[in-house]
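S.K.: Please see the structure below; I have some questions.
The values are calculated or read from the model by the stated rules, or taken from the named source; none is laboratory data. Being a predicted model, the structure only gives us computed values, none of them experimental. Neighbour counts are summed over all protein chains in view; Cβ atoms, including those assigned to glycine, are modelled from backbone coordinates with ideal geometry. All accessible areas refer to the heavy atoms of the entire protein, side chains included, with ligands and DNA or RNA removed. Shrake-Rupley method; radii C 1.70, N 1.55, O 1.52, S 1.80 Å.
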Amino acid sequence: MSDSFTILIYPHQRLRHLQPAVDGLADAVMRLYGQDMSTLRWAERREGTLARFEGGVCPEMAARIPSAKLDCAALLLYLREGGGWGYQLCFRGSVEDTFTAGETSDATPPEQHAARLVRRFRADREKLLPWLTQGTGAGREPLEGFLRELAPWAWETLSAGKLAPAPVPPVPDTSSPKVNTPDWEMRQRPPEKEPGPETCLPFLTGVKALRRGWPFPLSLLYALLPQKRPAPETVPFEGWTIRELEETLERFYAGKLERLELEFSLSGAGTYIRRLKKTVYQPFRLTLELIWEKGRCMCLLLDGQQPTLYYLVADRNTYMNVDIKDLEKTVFHGQTVDKYKVFSKKDSRLLRREVPLLLARLDRRDEVLSATARMEVWSCEGLHFSQEQYQQFLDVWQLN
């Protein structure tokens with residue numbers, strides 16, 4: 001190995017699926033980073049597939065984008081010139097964990113790094129911890145020790161020098177009647193049932209709604225009759241089925257509710273507690289906000305796991321093609337927001353498609369929200385807010 005290299009590990013994946021996904025990045029990587037991905041050397045084992053890139057550190061996209069396309073995990077493990085090493089763990093198109101050896105500014109405890117790794121690799125958490133402790137020495141030896149504990153099969157393959165350039169796929173014989181014939185096992189396997197919005201119900205912890213008020217000019221009477229002004233109400237949801245959920249959403253789509261708030265509680269990353277000898281999972285909240293105002297609508301998701309705010313994109317053309325400095329602004333809910341985030345009533349049909357899709361995949365929402373897997377659908381703002389910043393957004397957008 002040279003003084004600088006990258007190891008890409010894709011557990012439980014086959015080379016025939018990975019190679020097209022990685023080859024599709026070759027032009028972009030060459031144009032943006034000046035790196036030739038054709039020099040990758042590959043090896044396939046029963047436990048997964050790995051590749052090695054000599055002479056530099058591959059960009060994060062070499063792991064992140066294939067993990068989104070194949071709905072899998074990917075690890076980018078690197079050694080820089082000078083001995084610094086680290087990794088990026090990706091899952092379904094999102095960076096799940098980042099580690100740099102000896103980095104004093106890393107606020108993530110080693111136990112949390114280890115917990116995230118063992119979710120994707122069959123490894124012993126206790127054996128990984130010494131290599132993830134801050135202050136771990138630089139150089140090739142700590143990296144090799146870490147890899148030996150995380151993925152022994154990958155370490156054995158690298159040590160034995162069993163990597164080779166990816167084979168060139170054979171040209172199909174179009175004269176054969178078997179070309180394009182579905183695999184027997186695939187024909188026999190029944191199609192998997194797509195999850196529905198009802199899969200969110202076990203996570204549901206609160207429902208709030210605000211009924212539609214009187215239209216102008218009748219709304220002027222609220223000054224004289226304040227008791228007539230609609231107030232937010234807590235909707236009982238115990239025993240809900242898909243029927244009650246869809247009826248409530250339909251009331252919002254039809255304009256009978258001015259606001260609808262759905263709150264969920266999910267389990268986040270686990271932390272292994274040595275004293276208790278078990279993993280403790282930290283719950284976090286997701287809040288879906290649906291808001292009508294003067295015939296316009298917004299859909300927001302407040303994600304408390306890594307405090308982030310997502311907007312459903314109303315005008316995809318503006319979102320993709322207009323420079324951020326030239327974006328048109330509008331006032332909504334008393335806040336100045338980008339106009340491409342606000343739906344008109346005639347364009348709100350996208351809500352009927354995207355809201356149920358998100359609710360059906362709350363526990364694996366990355367595949368819905370990912371800008372890599374689904375471009376132009378959701379806009380992410382303030383990735384990894386501080387807790388204070390996130391609380392300010394909660395105060396603005398939550399229904400109180």
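S.K.: What tally of residues in the stretch 151-172 results from selecting those that are within 18 Å of Met37 (Cα to Cα), hydrophobic (A, V, I, L, M, F, W, C) and either modelled with pLDDT under 80 or open to solvent by 40 Å² or more (accessible area, probe 1.4 Å) (or both)?
M.R.: 3
S.K.: Okay, next question. Quick test of your reading of the structure: Ala74 fulfils all but one of (1) among the hydrophobic types (A, V, I, L, M, F, W, C); (2) at pLDDT 90 or above; (3) open to solvent by 30 Å² or more (accessible area, probe 1.4 Å). Name the failing condition by number.
M.R.: Only one criterion is unmet by Ala74, namely (3).
S.K.: Something else now. Of everything in the stretch 38-58, what is open to solvent by 10 Å² or more (accessible area, probe 1.4 Å) and within 25 Å of the chain's Cα centre (by Cα)? Give them in sequence order.
M.R.: Listed by number, the residues that qualify are Glu47, Val57.
S.K.: When you scan the stretch 260-271, how many residues do you find that are modelled with pLDDT under 90 and open to solvent by less than 30 Å² (accessible area, probe 1.4 Å)?
M.R.: Number of matching residues: 4.
S.K.: Which of the strands (runs of 3 or more DSSP E) found entirely inside the stretch 291-349 contain at least 3 residues meeting this: without any contact (Cβ under 8 Å) to a residue 24 or more places away in the chain?
M.R.: Qualifying strands (runs of 3 or more DSSP E): 329-332.
S.K.: Out of curiosity, is Leu128 closer than 17 Å to Thr49 by Cα, within 27 Å of the chain's Cα centre (by Cα) and surrounded by 18 or more Cβ atoms within 10 Å (Cβ to Cβ)?
M.R.: no
S.K.: Identify all residues within the stretch 50-69 that are over 14 Å from Ser94 (Cβ atoms) and at pLDDT below 85; write none if there are none.
M.R.: Glu54, Gly55, Gly56, Val57, Cys58, Pro59, listed by residue number.
S.K.: Condition first: loosely packed, with under 12 Cβ neighbours inside 10 Å and at pLDDT 90 or above. Can you find one or more residues in the stretch 314-330 that meet it?
M.R.: yes
S.K.: Does any residue of the stretch 39-47 turn out to be at pLDDT below 85, touching a helix residue (DSSP H, G or I) at 6+ places or on another chain (Cβ under 9 Å) and over 21 Å from Glu141 (Cβ atoms)?
M.R.: no
S.K.: Of all residues in the stretch 79-89, count the ones that are open to solvent by less than 40 Å² (accessible area, probe 1.4 Å) and modelled with pLDDT under 90.
M.R.: Looking only at that region, the number is 5.
S.K.: Could you grab me the full set of residues in the stretch 109-125 that are open to solvent by less than 40 Å² (accessible area, probe 1.4 Å) and either assigned to a helix (DSSP H, G or I) or under 13 Å from Ile273 (Cβ atoms) (or both)?
M.R.: Scanning the stretch 109-125 gives Pro110, His113, Ala114, Ala115, Arg116, Leu117, Val118.
S.K.: Looking at Phe146, is it modelled with pLDDT of 85 or more, more than 30 Å from Trp85 (Cβ to Cβ), of a type in the set (A, V, I, L, M, F, W, C) and in contact with a Phe, Trp or Tyr (Cβ under 6 Å, 6 or more places away or on another chain)?
M.R.: Taking the combined requirement at face value, the residue does not satisfy it.
S.K.: Can you name the residue in the stretch 208-251 that is small (Gly, Ala, Ser) and modelled with pLDDT under 90 and, of all such residues, is most open to solvent (accessible area, probe 1.4 Å)?
M.R.: Result: Ala223.
S.K.: Here's another thing I want to ask about it. State all residues of the stretch 272-287 that are in contact with a Ser or Thr (Cβ under 9 Å, 6 or more places away or on another chain), among the hydroxyl-bearing types (Ser, Thr, Tyr) and surrounded by 16 or more Cβ atoms within 10 Å (Cβ to Cβ); if no residue qualifies, say none.
M.R.: Across the stretch 272-287, the qualifying residue is only Tyr272.
S.K.: Assigned to a helix (DSSP H, G or I), touching a residue at least 12 places away in the same chain (Cβ under 8 Å) and open to solvent by 40 Å² or more (accessible area, probe 1.4 Å): does that describe Arg64?
M.R.: Yes; evaluated as a whole, the condition is true for this residue.
S.K.: Considering only the stretch 70-96, how many residues are more than 15 Å from Thr133 (Cα to Cα) and part of a strand (DSSP E or B)?
M.R.: Looking only at that region, the number is 14.
S.K.: Right, something else. Filtering the stretch 340-353 down to residues that are under 23 Å from Val396 (Cα atoms) and surrounded by 16 or more Cβ atoms within 10 Å (Cβ to Cβ), which residue is modelled with the lowest pLDDT?
M.R.: Across the stretch 340-353, the extreme among qualifying residues is Ser348.
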